[in-house]
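Notes follow the structure.
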Amino acid sequence: MNVWPLRFTDTNDGELLFTDYAGGYFRSTQEFLDRYATGELTTSDQNFLSDRGHAFEKVSDLSFIGFASRWSGRLNANKDINYIILVPTLRCNLSCDYCQVSRVNENAKGFDWDDKTLSAVLRLLEGFGTKEIKVEFQGGEPLLRLNMLREVRSFCRSHFETAQFVVCTNLQTVSKYAWDFLSDEDTHISTSLDGTFDVHQQQRTKDNTTTGTFRTNILKAIETKGVGNVSALPTIDPLSAPEPKILIQTFADLGLHSIFLRPINYQGFARKRYQFDQVNQFWSGYYRRFIDELIEYNATADEPFEEYYLTHILRRIIQGGHNNHVDLRNPNWLGQDYLVVDFNGVLYPTDEARMITRIGQLDLSIGNVHSGLDLSKLDVLNSDASNFFDPDCMNCAYQPYCGVDHIDDLSRYGRVDIPRHLTDHCQKHMSLFDLAFELLYSGDPKVHNSLAAWLNIPGYSPHLTPVHL
Amino acid sequence: MTFEVSASLIQYASETIRRLEYLYPEAVFSCAEDKVIVTGLSEGKRTELTRNIRYGLYRAKINDESKSLQDLLFREMFKR
């Protein structure tokens, strides 16, 4: 019998979590580790490993094929482009303290697409070989260039079999024409709500009148579009975060059931104002308190509530795949299925890359809409796109579920080759995977209730938590 | 501090030390016969270090012995 290599990590109760290349996992003891590592597996050990798909007899037997299928199913295959972020303007009618995306004042000149750039964007879209496209309009405030949004949407509807649109708007000034634009079924709204309206006012809107306008507009958006077509992202200051219970209730009162809890982003102009080294530990504690509160809330709620990223992590563990989040995939090919076009027509592999370039830290542009992609630069960026051979990741039990984010590494450290365990990406995800497995192996029925909702399964099952004693 | 290593694992001591050196940059590691010797760390770290040396040896052995399986998986999946 051939046992697929097992990686292991300590759990918080003295046992060990074992995982294989394909993401199979189980908990066992230090004694099992000794037997496994020294080649002294018992018959019981061998039967367990065989029954659970951690071993095979010969190449091409069903166990081998099943394992290979599960392993390959977790890979982020190189796909045609199907997602594009367009920034028709950098101008914005708000001036938030930590503006995540670089912005300029509403009346500034020279920060919008011109007609030539718009034409080049449409030619770029025309050249995509895909039948489906998702277009995200960002800014600045994209509704300031409604005419550009109309042109792009009209073109995509006629050129692609399926086209979806997301307008990332602060919902501050929404004209009748903008509401008409937003009302179409294929057009979704993504806005910001910083936890509670009080915090939102403090961080973004600054006065009661502006906050009132935003509150009216988000309620109108949800009422007219339906809750499934509106998302609200909070940006949380870990040093003065709102109480989790209040935050959850604020979103629930609006009818929203999902929240992507994000701390203020290290990239962009935010880095000039905040002491990020000091906030990670606050954030980690806050995040755990938030999840605990969420589990309590779900125990009695009619409609379960999720934290988007923890749900994403759990689904990557249990189901594999789920490669739609560009910060967590393996391999993480840049400039392949996803592109960003800035206000000046410059192309970027991610929105974070755009911010890093914008603040002058490092030029991570990969071409422009007029001359196309800079393939040699892309080759460099993609030369180490996976976590398979990283000397830390190859020993990590969470490797099958994790990924690489070189843009984040470049942003924080100016290089991609520092020991993985020292990176923010690794530390953050180790903490999240620890939490995810802690929840999976929890005996608390309230946790089981939330897990079933987050994993979209009828109910929690002990099959989710194999143990070998 | 001195840590004894069993004969079946001593061949993985060098690789284990390479990894421990950047996990504990303040320490100096060396290997002599059937021992890993560590200086520059307080005695209070002994339990943690014992565990990490054991885990390091196991991981190095598992990686070494599973290279052929990893090669096999990649070869079978990507052959055309």
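Just a few scattered comments:
- Spans of helices (runs of 4 or more DSSP H) in segment A:1-93 with at least 3 residues within 28 Å of A:P331 (Cβ to Cβ): A:62-73
- Condition check for A:D409: of a type in the set (D, E), assigned to a loop (DSSP other than H, G, I, E, B) and either open to solvent by less than 30 Å² (accessible area, probe 1.4 Å) or in contact with a helix residue (DSSP H, G or I) (Cβ under 9 Å, 6 or more places away or on another chain) (or both): no
- If you check A:A453, A:A397 for being within 14 Å of chain B (Cβ to nearest Cβ) and under 30 Å from A:D13 (Cβ atoms), only one passes: A:A397.
- A single entry from A:S442, A:S450, A:S383, A:S431 fulfils the requirement of being surrounded by fewer than 18 Cβ atoms within 10 Å (Cβ to Cβ) and part of a helix (DSSP H, G or I): A:S431.
- Pair list, Cβ < 7 Å and 6+ apart or interchain, from segment A:439-465 residues that are without any contact (Cβ under 8 Å) to a residue 40 or more places away in the chain to residues that are hydrophobic (A, V, I, L, M, F, W, C): A:P458/A:A452; A:G459/A:A452; A:Y460/A:L451; A:Y460/A:A452
- Filtered by the rule that a residue be among the β-branched types (V, I, T), under 22 Å from A:S450 (Cβ atoms) and under 14 Å from the mean Cα position of the chain (by Cα), segment A:305-353 gives A:T311, A:I313.
- Close pairs (6 angstrom Cβ cut-off, 6 or more residues apart or separate chains): over 12 Å from B:N52 (Cα atoms) in segment B:1-22, small (G, A, S) anywhere: B:V5/B:A13; B:Y12/B:A60; B:E15/B:A60
- Looking only at residues in segment A:229-253 that are open to solvent by 50 Å² or more (accessible area, probe 1.4 Å) and assigned to a helix (DSSP H, G or I), the one that is modelled with the lowest pLDDT is A:L239.
- Boolean, A:L16 is under 36 Å from the mean Cα position of the chain (by Cα), within 10 Å of chain B (Cβ to nearest Cβ) and farther than 19 Å from B:S68 by Cβ: yes
- A:N344 satisfies every condition listed in (1) touching a residue at least 24 places away in the same chain (Cβ under 8 Å); (2) within 14 Å of chain B (Cβ to nearest Cβ); (3) surrounded by fewer than 18 Cβ atoms within 10 Å (Cβ to Cβ); (4) not hydrophobic (A, V, I, L, M, F, W, C) except (2).
- Taken over segment A:400-424, the residue count meeting the criterion of being closer than 19 Å to A:T19 by Cβ and either more than 12 Å from chain B (Cβ to nearest Cβ) or at pLDDT 95 or above (or both) is 5.
- Subset tally (residues that are surrounded by 14 or more Cβ atoms within 10 Å (Cβ to Cβ) and more than 14 Å from every other protein chain (Cβ to nearest Cβ)) for segment A:47-70: 4
- With respect to the conditions (1) open to solvent by less than 10 Å² (accessible area, probe 1.4 Å); (2) closer than 30 Å to A:R103 by Cβ; (3) modelled with pLDDT of 90 or more, A:I356 falls short on a single one, namely (3).
- Taking the numbered list (1) touching a residue at least 40 places away in the same chain (Cβ under 8 Å); (2) open to solvent by less than 10 Å² (accessible area, probe 1.4 Å); (3) within 13 Å of A:F437 (Cβ to Cβ); (4) more than 9 Å from chain B (Cβ to nearest Cβ) in turn, A:F32 passes all entries but (3).
- Condition met for B:L20 (assigned to a helix (DSSP H, G or I), hydrophobic (A, V, I, L, M, F, W, C), open to solvent by less than 20 Å² (accessible area, probe 1.4 Å) and at the interface with chain A (Cβ under 9 Å from one of its Cβ atoms)): no
- Residue tally, condition away from every other protein chain (no Cβ under 12 Å) and either surrounded by fewer than 21 Cβ atoms within 10 Å (Cβ to Cβ) or basic (K, R) (or both), over segment A:75-84: 6
- Test for A:R145: is it part of a helix (DSSP H, G or I) and farther than 26 Å from A:Q336 by Cα: yes
- Filter result (open to solvent by less than 40 Å² (accessible area, probe 1.4 Å) and either more than 14 Å from every other protein chain (Cβ to nearest Cβ) or among the hydrophobic types (A, V, I, L, M, F, W, C) (or both)) within segment B:23-56: B:A27, B:F29, B:V36, B:V38, B:L41, B:L49, B:I53
- Selected residue (criterion: surrounded by the most Cβ atoms within 10 Å (Cβ to Cβ)) from residues of segment A:198-228 that are in contact with a Phe, Trp or Tyr (Cβ under 8 Å, 6 or more places away or on another chain) and among the hydroxyl-bearing types (S, T, Y): A:T205
- Only a single criterion out of (1) more than 10 Å from every other protein chain (Cβ to nearest Cβ); (2) open to solvent by 20 Å² or more (accessible area, probe 1.4 Å); (3) more than 18 Å from A:R7 (Cβ to Cβ); (4) in contact with a helix residue (DSSP H, G or I) (Cβ under 8 Å, 6 or more places away or on another chain) is not satisfied by B:M77, namely (1).
- Taking the numbered list (1) touching a strand residue (DSSP E or B) at 6+ places or on another chain (Cβ under 9 Å); (2) open to solvent by 30 Å² or more (accessible area, probe 1.4 Å) in turn, A:T350 passes all entries but (2).
The values are calculated or read from the model by the stated rules, or taken from the named source; none is laboratory data. Keep in mind it's a predicted model, so treat the numbers as computed, not measured. Methodologically, a virtual Cβ is constructed for each residue, glycine included, from the backbone with ideal geometry; neighbour enumeration extends over all protein chains shown. Remember, those area values only see protein heavy atoms, side chains included, never the ligands or the DNA or RNA. Shrake-Rupley method; radii C 1.70, N 1.55, O 1.52, S 1.80 Å.
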